[in-house]
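What follows is a single structure, written as structure tokens, with notes after it.
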Amino acid sequence: MDFFEYRDRELYCEDVPVRELAERFGTPLWVYSARTVLHHYGQVQEAFAEAEPIICYSVKANSNLAILHLMAQHGSGFDVVSGGEIYRVLLAGGDPRRTVFAGVGKSPAEIAYAIDQDLLLLEVESEEEAEVIREIAAEKQKAVSVAIRVNPDVDPKTHRYITTGKKESKFGLDLERAAALADRLRGDRWVQLHGLHMHIGSQITDPSAYGRAAARVADLALDLKKMGHDIRWLNTGGGFGIHYRGQEGRPAEEFAAVILPHVRRCGCRLLLEPGRFIVGNAGILVSRVLFRKEAGDRRFLIQDAAMNDLVRPSLYQAFHRIWPVVVPPGLPAPPTDYESDIPGTVRWDVVGPVCETGDFLALDRPLPRLDRGDLLATFSAGAYGMVMSSNYNSRPRGAEVLVEGSSFRLVRRRETYEDLVRAELEADAIPHPAASS
Ligand code: LLP
């Protein structure tokens, strides 16, 4: 369920025609629907209500300050993975006491920053990290609450790049090592163990993987409690999958049904870290067709968004629905099923201007007839879209707009050529024009 819909063959975001936004702000343009963000947040709240969890929205999915502010206003906590994300959360008015910090490679400066800001938990991913946290905490004479990130060794059957809870992945500690670290931390004055954390992967559409993982982590929590550890928090991470192609996402209740029994059983408070589930279907990327051309048996639709804007198709062979923003009369409505043939369409490779053959948004994709200048919407681009963009090929990043009902506002202006070189000019990359004269 989202609030992007075609009315009279024209795409609207809530009550705003997407075409008007593209005309006003140019393309490539990211358009976000606040109502869709809140709808999904509400679904997680409802499904897990009995456990009264702290929902820590995963900042990495979409870290625009306006999105963070919206979440903070509605009581969300945050899951961060860097000092930069802590900075964003604070700037957006987020509550550090409802913010948890994961990551396999926290630098000493990031650890110090997190301690200074009194985050709820630092999620420790290695024995050496625990040592460094202790040193910094001792220096500051400030006790730190930590959770151990456990690698429960389950296969969530998602793309291998975003599988994070199998024993060969770099994240967390296996159950034995986690128990051993807990033992070492017993009674520690500076590093106080208050929770266990897991995050088994992303875009997971098989809830049973959570059941298997949570069972193992809850067992460990119970063992540790028996040994006298004060384990208050069970953090089951993020990863709930969404619809990209059809109806492959699962409702939040299905995840809750397999997670909640383990939360009950171990008597901990629940933390959740959904990212994609909240924002994924709340954003689209709008682009404009530049040229069409044919080569052999391929038909290329060259448009102005590229892999530097949305890298997911190039990086993970991810499927994003693409459809014209304005569908001319007589042409088909957007498909809900890509398995069967779609009458009135031909197959295009939807590519961008970047100088790589791997630069595409879709390959061999059925689309209606399109002309130069037509606008395209690439759907489900709210998560891991803009945040993974780059300036490759010296392409300025696109603008971002947040829609709420019939109003909208620019929440990130389009980058300029000056933005591209500012850090270099400030570092004196070339002789200063004034100095050489
Ligand atoms: N918690 C931790 C510790 C994480 O590492 C992640 C995501 C999340 C929560 C949020 O996961 P979500 O609910 O959004 O699935 N760039 C990839 C996804 C990478 C996910 C990284 N970790 C993609 O575009 O599919």
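Taken together, the values in this text are just the output of simple stated rules run on the coordinates, not laboratory data. Bear in mind the structure is a predicted one, so any value in this text is a computation, not a measurement. Here Cβ is always computed from backbone atoms with ideal geometry, including for glycine, and neighbour counts include all displayed protein chains.
Descriptive notes on the structure:
- Phi-derived couplings, Karplus 6.51 cos²θ - 1.76 cosθ + 1.60 at θ = phi - 60°, listed residue by residue for the range 376-389: 10, 10, 9, 8, 6, 10, x, 10, 6, x, 3, 5, 9, 6 Hz, with x used for Gly and Pro.
- Fully extending the segment from residue 189 to residue 429, taken as 0.36 nm per residue of separation minus the present Cα-Cα distance, adds 81.6 nm.
- Straight-line cross-link reach from residue 157 at under 14 Å between alpha-carbon atoms covers these aspartates and glutamates, not counting any fewer than eight positions away in the same chain: 206, 248.
- Across the range 63-274, the mean sequence separation of Cα contacts (distance under 8 Å, 6 or more residues apart), normalised by length, yields a relative contact order of 15 percent.
- Separation between Cα centres of the range 289-306 and the range 55-127, rounded to whole Å: 41
- Student exercise, the chain dipole from Lys, Arg, Asp, Glu Cβ charges, in Debye to nearest 20: 260
- Axis of helix 34-47 versus longest Cα principal axis of the chain: the two differ by about 40°, to the nearest ten degrees.
- With each label modelled as a point 7 angstrom along the Cα→C-beta vector, the residue 128-residue 5 pair spans 5.4 nm.
- Computed over the range 353-437, relative contact order equals 18 percent, with contacts defined as Cα pairs under 8 Å that lie 6+ residues apart.
- Angle in degrees between helix 208-226 and the longest Cα principal axis of the chain, rounded to the nearest 10: 20
- Of 140/167; 166/226; 60/293; 142/166; 60/226, pairs whose Cα-Cα distance is over 32 Å: 140/167; 60/293; 142/166; 60/226
- On full extension, the segment bounded by residue 341 and residue 412 gains 21.7 nm, given 0.36 nm per residue less the C-alpha separation.
- Full extension of the chain between residue 155 and residue 19 gives 44.7 nm of extra length, using 0.36 nm per residue less the Cα-Cα distance.
- Relative to the dominant Cα principal axis of the chain, helix 127-140 is inclined by about 80°.
- Put simply, the amide H of residue 191, placed in the peptide plane, has neighbours under 5 Å in 144, leaving out anything fewer than 5 places away on its chain.
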